[in-house]
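S.K.: A single structure is presented below for examination.
Throughout, read-outs are computed from the coordinates displayed, never taken from laboratory work. These numbers come from a predicted model, not from an experiment. Every residue, glycine among them, receives a Cβ derived from its backbone with ideal geometry; neighbour counts consider all protein chains shown.
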There are 2 protein chains.
Amino acid sequence: MGPQLTGAKRALGPRDRAPGEPGPLSRDAVLARALDIINLQGVERLTLRRLAAELGVSPMAIYRHVANKADLLDGVLDLLMREADVTAHDEEDWLDWLCETFLRMRVTLLAQSGALALIVSRASLGPQGLGVIEAVLARLAQRGIPRFEAARVFHHLMTYTLGSVAMLGPILQQDPALADPDERARRIRANFELLPGRQFPQLTRHGAELAAAFRDDAFAGEIRRIAKTARIGEENR
Amino acid sequence: MGPQLTGAKRALGPRDRAPGEPGPLSRDAVLARALDIINLQGVERLTLRRLAAELGVSPMAIYRHVANKADLLDGVLDLLMREADVTAHDEEDWLDWLCETFLRMRVTLLAQSGALALIVSRASLGPQGLGVIEAVLARLAQRGIPRFEAARVFHHLMTYTLGSVAMLGPILQQDPALADPDERARRIRANFELLPGRQFPQLTRHGAELAAAFRDDAFAGEIRRIAKTARIGEENR
DNA sequence: ACCTGAACACCGTTCAAGT
DNA sequence: ACCTGAACACCGTTCAAGT
């Protein structure tokens, strides 16, 4: 949505995405395939050689469209954010808008097994990520929230969202069955309760409560709480 | 401090850590060297072959003490937590105790360039990490905080801490000079302010405020705020 | 029990060459 | 301009062998 930050365009020629990938390679075609590999097989399986093989091309052909592997990863992360387009919804109330945006951000980052690893290893969300920050700050400014407050609230929301992904992501990666919230809660609880009770008396006792803290609505509740603090003017010293 | 979770013991024989690493290898000697490599050269340079070379040994010798590379990474993460020993301080007030614990956790994870990547790729903090959770829950229980509240507060503190590391870690990695808080603030601010102003009017305007949100005391303030919510009984619906 | 050497199936990347 | 082939310097890991 809106003007793209990279010069790349989606291939719109006569043959678009036909199976077997005919026509010349484009940067976007390379990135799209790379994202497919990440989604279907995980980041650690994304390899220049494998990517080339899936595109039916020599490993070196990819270097025409991508500077090196780091550039490939940057591109994939940016494509991920572009496709997720987390601010593309129409909540009217500013609080609902903030919550929905960060809920989508979290889902996006959790869906791709290695998105967080990508963020942590690269040093930013990329241009598309900057676009999200821009949109959030604009919304807060539009509501008349002072600059310092807006920056503070954005930073807290983003921090909490990334933290939540860091907490939950590795768990989800273990087993696709854990996408189901009930199954997830049962497993997390069991993980704690099955620890040696003598060594970890608290952990074994708190299994159910710790599992509950991983629930999606616990995240949503905290995001809303953080967002709400934006109304208060100067209070934190 | 306290009984170790792994059976491993620090080598205390006649020749302890002499240069050139004499005597037979031990799991702990291998892990210690691996941690050195991570600290001095970064995680991505931690390689079984390089590790072997630094230990003056054949690559395969390492497999006597470590199942595979994943096991090596788990071991290093555990060693990291063991050495940091974030609960080994004596704040008396429970609030101060919580804050100090998570401040130390953050510093520990930020200090090692790849600690977060380790956590995100492995699926837990390891046994030593569990020990930290145990200690935090014990402290909260001792204060008479109900189980559900204790789990909730711990989860929030941990989430926020990991998020903070995810936000700041990649920035610090770019340049060692950024360890200095003032230099860091200046650079973060410049990064935002130098963006194309037409595309990112908010980001360029909010540079100073966004940079301020990355300050250590902003983190400390939020941690304290989260910890304080533990006093309130049943309020969140 | 502990270590080594050679080998296998991979990596990312460079360079010279093809069309 | 775009792609290929061969090569280089690496990976993790297996297997048979040494002491």
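S.K.: From the label point of residue A:191, set 7 Å from Cα along Cα→Cβ, how far away are the matching label points in the other copies, in nm, ordered shortest to longest?
M.R.: The projected label point of residue A:191 is separated from its counterparts by 3.0 nm.
S.K.: So, one more: Show that you can apply the helix-only estimate: for chain A, add -39,500 (n - 2.57) for every DSSP H stretch of four or more residues, divide by all residues, and state [θ] at 222 nm to the nearest 500.
M.R.: -19500 deg cm²/dmol
S.K.: I'd like the projected area of the protein assembly as shown, averaged over all directions, using the convex hull of its alpha carbons. Report it in nm² with one decimal.
M.R.: Over all viewing directions, the protein assembly as shown projects a mean Cα-hull area of 25.4 nm².
S.K.: Sticking with this structure for a sec: Near the axis that takes chain A to chain B, which A residue has its beta carbon closest, and at how many Å?
M.R.: Per the Cβ-to-axis criterion, the result reads A:163, 1.
S.K.: Hey, got a sec? Which GluC sites (Glu not before Pro) in region A:153-237 land in a DSSP loop and have at most 16 other Cβ atoms within 10 Å?
M.R.: The qualifying sites are A:234, A:235.
S.K.: On to the next question. Short version: what are the Cα gyration tensor semi-axes of region B:40-183, square root of 5 times each eigenvalue, largest first, in whole Å?
M.R.: 31, 20, 12
S.K.: Which log10 I(q)/I(0) values does region A:130-210 give at q = 0.12, 0.20, 0.21, 0.22 Å⁻¹ under the Debye formula, counting every alpha carbon as one identical point scatterer?
M.R.: -0.58, -0.87, -0.92, -0.96
S.K.: Sort A:226, B:145 so the one with the fewest other Cβ atoms within 10 Å of its own Cβ comes first.
M.R.: Ascending number of Cβ neighbours within 10 Å: B:145, A:226.
S.K.: Gaussian network model of chain B, Cα springs within a sub-10 Å range: biggest mean-square fluctuation belongs to which of B:158, B:81, B:60?
M.R.: So, out of B:158, B:81, B:60, the one fluctuating most is B:60.
S.K.: Separate question: Averaged over peptide B:187-193, how many Cβ atoms belonging to another chain are found within 10 Å of each residue's Cβ?
M.R.: Counting other chains' Cβ atoms within 10 Å and averaging over B:187-193 gives 1.
S.K.: Let me ask something additional. Work out the mean other chain Cβ neighbour count within 10 Å for the residues of A:162-175 and drop it here as an integer.
M.R.: So the per-residue partner count for this stretch is 5.
S.K.: Could you identify which residue out of A:130, A:98, A:77 has the top mean-square fluctuation in a GNM of chain A using Cα springs shorter than 10 Å?
M.R.: Taking springs between Cα atoms under 10 Å, the residue moving most is A:130.
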